[in-house]
Amino acid sequence: MPIKRIEPGLSSTTLVTSSPREYKDVDLKFTAKRGTLFDDGSRKGDVYKKTDTASVIQSVENILLTNHYDKPFQPLFGADLIRLLFELNTTISEPKIEQIVREEVERHEPRVQVVSVEVYDASAEEMVPKGIENVFFYNSTPGANDHSLIIYVNIRIKNTNEQVRIPVNMNRIR
């Protein structure tokens, strides 16, 4: 934030300063802190907060796990990845998943940059190769974990240049 300082008898100079931003958010588990003991014997406390990296991770997870029309007054918020598990056409390509993740995280979370997206197939117990057109049936071994994916999103937090790997589990409950 530039500050203009003018002193009598001197020319005006502009000082450029920056202050590091601390990211804060409420922990969405809403676990209550122990609190203070009052005279009437009751305890009143606050909820826990998430700061810095934990706050950003929670935000990215929320974006990826939110479906369209889940958030009131913002119908297009979220990645809507769950719909991929329930489509009638079961061909889900790895590039499509990566495109959806990149677009939605970049649209709704300006604090991060997506470095890479990896898809892990739980039924095959291995990473899905890049460019596969059908993430569920590329190895043709049916199993009990069909329609279960783990998406690893590797992000870089812009403020600190810290890189984080976030796993997002997507399971179809039968």
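Rule-based calculations on the coordinates, nothing more; no lab input. No experiment lies behind these values; they were computed from the predicted model shown. Don't worry about glycine lacking a Cβ; one is built from the backbone with ideal geometry, like all the others, and counts go over all protein chains shown.
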| task | Return, ordered by residue number, the residues of region 100-119 whose backbone nitrogen is under 20 Å from a label point located 7 Å along Cα→Cβ of residue 25. | result | 100-118
| field | Radius 9 Å from Cβ of residue 35, net charge of other residues (Lys, Arg +1; Asp, Glu -1) | value | +3
| residue 103-residue 150 pseudo-label distance in nm [points 7 Å out on the Cα-to-Cβ vector] | 2.7
| Candidate lysines for bridging to residue 130, where Cα separation is under 19 Å - those fewer than 8 sequence places away on the same chain excluded | 96
| Once amide H atoms are placed 1.01 Å from N in the peptide plane, what residues at a sequence separation of 5 or more from residue 166, or on another chain, have their amide H within under 5 Å of its amide H? | 153, 154, 155
| field | Note, ³J(HN,Hα) from phi for region 149-166, Karplus 6.51, -1.76, 1.60, rounded to Hz, x at Gly and Pro | value | 10, 10, 9, 9, 10, 9, 10, 10, 7, 5, 5, 10, 6, 7, 9, 10, 10, 10
| All lysines inside 19 Å of residue 29 as judged from Cα atoms, apart from same-chain residues fewer than 8 positions distant | 44, 49, 50, 71
| query | DSSP loop trypsin sites (Lys or Arg not before Pro) in region 27-104 with at most 12 other Cβ atoms within 10 Å of their Cβ, which ones? | reply | 29, 33, 34
